[in-house]
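Participant: I'd like to ask you about the structure that follows.
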Amino acid sequence: MRCLLFTALFLATLLAGFPGAADTSAAPPPLDKRIAWWDEARFGMFIHWGLYAIPAGEWEGREIHGIGEWIMRNAQIKPRDYRPLAERFNPTRFDAEAWVKLMKQAGCKYFVITTKHHDGFALFRSAVSDYDIANTPFGKDNDRDIMRELADAARKEGIRIGWYHSIMDWQHPDYLPRHEWDDRPAETADFDRFRKYLHAQVQEILTNYGEIDIIWFDGEWEATWTHEHGVALYDHCQKLAPNILINNRVDKGRKGMQGMTKQGEFRGDFGTPEQEVPEHGFGEGVYWESCMTMNGTWGYKAKDHNWKSTTTLIRHLIDTASKGGNYLLNVGPTAEGLIPRPSVERLQAMGKWLEVNGEAVYGTKAGVVGKLGWGRSTTKALDDGNTAVYLHVFDWPADGRLVVPGLTNEVVGVSGLHLDRMRRVAGARQTGKGVEIALNGEAWDEHASVIRLVVKGEPKTEQAKP
Ligand code: JFZ
């Protein structure tokens, strides 16, 4: 036995060193290679869609508090009472190409959609479950598959594809723990069997729809899910899709809503702050993405009209980019398959702003100086060795003098990113304590006016003097 093992090891070493030998155990590319496209993308669309779009926040005539996709829990609905929603799921107005067109208009470079949320319903055709799109009027009558249509449409347009997949599952008979009001027997539940099911469904979504760019796990926080389970699931994904990006909710290392990964041997390629932009960035090589709702819910709720303004959303995107992170902004489509009008309007307005100012967001790095009273900054290394410092002005200086404190580089040039030809940026100079920019007139963009300042070499900063 031992002899065999040594022979095998010897052969493996030989093969590994043999030029041109087929390397079947190729290690996946390192994180910085895999994540390069994502680190330039900066803006993605989150989509929470599922059976919960049918009740849309209301159950048996009652308004249910909390986020729409949690209605099963918040209204204490038993699986046998919730499951029949599948018989009514028929989003005949769903148009994958229209959704992808909206992503393009908005300036999103990728999207992440719920393939299965906590309610356990699969929006894809699953061979290991009946609780899936195949068993809805939508899937039966039209032979349609949401994941297939979206993957095809996105790939055609060069939009990267992400699958959200919940570990927590309120429907599967083997998932534990049970809700207090779920009266199905817990004694017969077998969590290992559930894990096999989870791995099988993950295999389906990672292999049935071509190459997938991101898998975004969630619902990892219950005690039944362990670090070992996280490692096994991470490895499973990487084996099936070596280039895929996997968020940190696959494992147990996430620190609450703040979302970054704790110190230690935790898996996950990027951190997932939720409903907040962190106070500061985390430096080169630490990747993160803030996910956020546009109103107060992820899944569609008919009566939630609490929309953030376009200005707020654009400034969130800028704030995120200025700290080196990505912004994943959510939409919750209706049961008919439509993205709510207020979301469409905001996304289109963001896209308009990005058409002019995209170079100050995509492919940028965090800003040079920490807190700026008037706004945020992002940077980009230029081919000639100089640096573009983009100044995103939220509060236009009343005296027409914009100061970047502590930036000690020589100034090469300055201009405003706007559509007209008016000279609103008169010039920039090094004062010895920072760069001062002279402005004419008023802000040209109500959301954020962006100035492109080019400085010599790599940015050098000094702690700004008060
Ligand atoms: C989770 C989901 O429960 C929610 O439905 C949505 O999908 C969102 C994007 O992710 O929400 C969470 C997860 C974890 C915490 C809070 C909300 N947490 O640990 O504080």
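Participant: Could you compute how much accessible surface residue 403 exposes when probed at 1.4 Å, giving the result in Å² to the nearest 10?
Facilitator: Counting only protein heavy atoms, residue 403 exposes about 60 Å² to solvent.
Participant: Roughly how much of residue 62 is accessible, in Å² to the nearest 10, using a 1.4 Å probe?
Facilitator: So the heavy atoms of residue 62 present about 130 Å² to solvent.
Participant: What whole number of Å gives the distance from the Cα centroid of region 74-90 to the Cα centroid of region 372-424?
Facilitator: Here the answer is 53 Å between Cα centres.
Participant: Students often get this wrong, so check it: of 101/239; 140/239; 109/308, which have C-alpha atoms separated by over 23 Å?
Facilitator: 101/239; 140/239
Participant: Is any residue of region 242-262 close enough, with backbone N under 19 Å, to a label point placed 7 angstrom from the Cα of residue 282 along the Cα-Cβ axis, and if so, which?
Facilitator: What the label zone holds, given the 19 Å backbone N cut-off, is 244-262.
Participant: Starting from the Kirkwood Rh over alpha-carbon pairs, what translational D in µm² s⁻¹ does region 105-173 have by Stokes-Einstein at 25 °C and 0.890 mPa s?
Facilitator: Roughly 188 µm²/s, to the nearest whole number.
Participant: In whole percent, how big is the carbon plus sulfur part of the accessible area of region 420-466, probe 1.4 Å, protein atoms only?
Facilitator: After summing per-atom areas, the C and S share lands at 45 percent.
Participant: Same structure again: In the chain, if every C-alpha pair distance is counted and binned at 20 Å from zero, what percent goes to each bin?
Facilitator: 22, 50, 24, 4, 0
Participant: Given an 8 Å cut-off on Cα distances and at least 6 residues of separation, report the relative contact order of region 33-192 as a percent.
Facilitator: 24 percent
Participant: Using amide H atoms built 1.01 Å from N in the peptide plane, name the residues 5+ places from residue 271, or on other chains, whose amide H lies under 5 Å from its own.
Facilitator: Result for residue 271 returns 287, 288, 289.
Participant: Taking a ≥ b ≥ c as the square roots of the eigenvalues of the Cα gyration tensor of region 261-387, is the shape rounded (a/c under 1.5), prolate (a/b larger than b/c) or oblate?
Facilitator: Here region 261-387 falls in the oblate category.
Participant: On the principal axes of its Cα set, how long, how wide and how thick is region 332-431? Give whole Å, largest value first.
Facilitator: For region 332-431, the Cα spread along each principal axis is 59, 32, 29 Å.
Participant: For region 35-149, just run the numbers: alpha carbon Rg, then divide by 2.2 N^0.38 Å, N being how many residues it has.
Facilitator: 1.18
Participant: In whole Å, how far is the Cα centre of region 206-220 from that of region 153-186?
Facilitator: Centre-to-centre (Cα) distance: 12 Å.
Participant: So, one more: Among the listed pairs 252/323; 33/252; 156/365; 156/371; 116/303; 262/456, which are separated by more than 30 Å between their Cα atoms?
Facilitator: 156/371; 262/456
Participant: Hey, could you grab the Kirkwood Rh for region 240-304? Inverse mean 1/r over distinct alpha carbon pairs, Å, one decimal.
Facilitator: On the way: mean 1/r = 0.0753 Å⁻¹.
It is 13.3 Å.
Participant: Below 8 Å, C-alpha to C-alpha, sequence gap of six or more: please give me the relative contact order for the chain in percent.
Facilitator: 15 percent
Participant: Let me ask another. For the chain, what does the accessible surface come to per residue with a 1.4 Å probe? Please give it in Å².
Facilitator: 45 Å²
Participant: With all protein chains present and a 1.4 Å probe, how do 188, 461 order by accessible area, largest first?
Facilitator: Numbers: 188 95, 461 75 Å².
These residues rank, largest area first, as 188, 461.
Participant: Over all distinct alpha-carbon pairs, what is the Kirkwood Rh of region 117-267 in angstrom?
Facilitator: Values: mean 1/r = 0.0608 Å⁻¹.
Taking the inverse mean of 1/r over all distinct Cα pairs, region 117-267 comes out at 16.4 Å.
Participant: Helix 341-357 versus the longest principal axis of the chain: what angle, 0 to 90°, nearest 10, using Cα atoms?
Facilitator: Helix 341-357 and the main axis of the chain meet at about 40 degrees.
The values are calculated or read from the model by the stated rules, or taken from the named source; none is laboratory data. All figures in this text were calculated on a predicted structure; none of them were measured in a lab. Cβ coordinates were reconstructed from backbone atoms using ideal geometry, including for glycine residues, and neighbour counts include every protein chain displayed. Just so you know, the surface numbers come from the protein's heavy atoms only, side chains and all, with ligands and any DNA or RNA stripped out. Shrake-Rupley method; radii C 1.70, N 1.55, O 1.52, S 1.80 Å.
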